[in-house]
Amino acid sequence: MPGYVIHLAVAEEYLKKHTNKKENYTEFIEAIIAPDDAEDKSLTHYGKTSSKTNLYEYLKENTVNTSYSKGYFLHLLTDYLFYNHYIKYFSKDIYNDYDILNSYLIPKYNIKIPEKIKNKALFKKGNTKILSKTLVDKIITEISNYDIEDIIMQIKDNPTKWTQYKKI
């Protein structure tokens, strides 16, 4: 799963780009971090693991009609796309990359770290091994461009397309 700061950057950019959708900022941000702030992430990601996020299962059990549910869905969408379209391989080095990239992402995307996760947004120096600034910026830009309602319709129309997973 992308780190908290990447999720927050996607949320901030989504809210900027979709100003016609009047969301409750606090609820949206709470929801964007909620799936990862759990002990058993398979339950909060509706799949076998958080890397196997099942958007269709989420939609079978939930309606996406509040700021909270939209933020939660955006989190799951980000995880799904992150693992299936953006990263080529997985290694535990990715967690170190998150900590290295945080000092770049927070000011660039004007991220305010919620009190609840302040101790989880760590900062390290060094070189990243899996993620680059360019790749993370691409991920944030592209995912925040999606219209949640459009993606929901696509998933409902073709659930099989959205439940296929790349082996990483």
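Of the numbered conditions (1) buried (at least 17 other Cβ atoms within 10 Å of the Cβ); (2) within 16 Å of the chain's Cα centre (by Cα), Ile100 satisfies every one except a single condition; which is it?
(2)
Of the residues Ile6, Ile87, Ile32, which is over 20 Å from Met153 (Cα atoms) and touching a Gly at 6+ places or on another chain (Cβ under 9 Å)? I'd like the intermediate steps shown before the answer.
Numbers: Ile6 fails: touching a Gly at 6+ places or on another chain (Cβ under 9 Å); Ile87 fails: touching a Gly at 6+ places or on another chain (Cβ under 9 Å).
Every option except Ile32 fails the conditions.
Within region 147-168, take every residue that is polar (S, T, N, Q) and part of a loop (DSSP other than H, G, I, E, B) and give me the one that is nearest to Ala38 (Cα to Cα).
Gln164
Determine, yes or no, whether Leu55 is touching a His at 6+ places or on another chain (Cβ under 9 Å) and under 15 Å from Ile152 (Cα atoms). Please lay out each step first, then the result.
Details: touching a His at 6+ places or on another chain (Cβ under 9 Å): no; under 15 Å from Ile152 (Cα atoms): yes.
Judged against the criteria, Leu55 is not a match.
Test each condition in (1) modelled with pLDDT of 95 or more; (2) touching an Asp or Glu at 6+ places or on another chain (Cβ under 8 Å); (3) under 25 Å from Ser67 (Cβ atoms) for Leu131 and report the one that comes out false.
(3)
Pick out the one residue from Tyr146, Tyr109 that is more than 15 Å from Tyr80 (Cβ to Cβ), modelled with pLDDT of 95 or more, buried (at least 16 other Cβ atoms within 10 Å of the Cβ) and not hydrophobic (A, V, I, L, M, F, W, C). Please lay out each step first, then the result.
Working: Tyr146 fails: more than 15 Å from Tyr80 (Cβ to Cβ).
Just a single option satisfies the conditions, and that option is Tyr109.
In region 77-106, how many are modelled with pLDDT under 95, closer than 25 Å to Lys22 by Cα and of a type in the set (A, V, I, L, M)?
1
Give the residues of region 112-129 that are touching a residue at least 40 places away in the same chain (Cβ under 8 Å), surrounded by 15 or more Cβ atoms within 10 Å (Cβ to Cβ) and more than 13 Å from Gly3 (Cα to Cα), sorted by residue number.
Of everything in region 112-129, just one residue is touching a residue at least 40 places away in the same chain (Cβ under 8 Å), surrounded by 15 or more Cβ atoms within 10 Å (Cβ to Cβ) and more than 13 Å from Gly3 (Cα to Cα), namely Pro114.
How many of the residues making up region 64-87 are surrounded by fewer than 19 Cβ atoms within 10 Å (Cβ to Cβ), farther than 15 Å from Pro2 by Cβ and out of contact with any Ser or Thr (no Cβ under 9 Å at 6 or more places or on another chain)?
3
Name the single residue, out of those in region 122-146 being part of a helix (DSSP H, G or I) and among the polar types (S, T, N, Q), that is nearest to the chain's Cα centre (by Cα). Don't jump to the end; show me each part of the working.
Looking only at region 122-146, we keep the residues that are part of a helix (DSSP H, G or I), and these are 133-145.
Of the ones still in play, those that are also among the polar types (S, T, N, Q) are 134, 141, 144-145.
On the way: Thr134: 17, Thr141: 12, Ser144: 10, Asn145: 13 Å.
Out of the qualifying residues, it is Ser144.
Being in contact (Cβ under 8 Å) with a residue 40 or more places away in the chain, surrounded by 19 or more Cβ atoms within 10 Å (Cβ to Cβ) and part of a helix (DSSP H, G or I) is the filter here, so list the residues in region 21-55 that pass it.
Phe28, Ile29, Ala31, Ile32, Ile33, Pro35, Ser50, Ser51, Leu55
Say we look at region 1-20 and pick out the residues that are part of a loop (DSSP other than H, G, I, E, B) and in contact (Cβ under 8 Å) with a residue 12 or more places away in the chain; which of these is farthest from the chain's Cα centre (by Cα)?
His18
The values are calculated or read from the model by the stated rules, or taken from the named source; none is laboratory data. These numbers come from a predicted model, not from an experiment. Don't worry about glycine lacking a Cβ; one is built from the backbone with ideal geometry, like all the others, and counts go over all protein chains shown.
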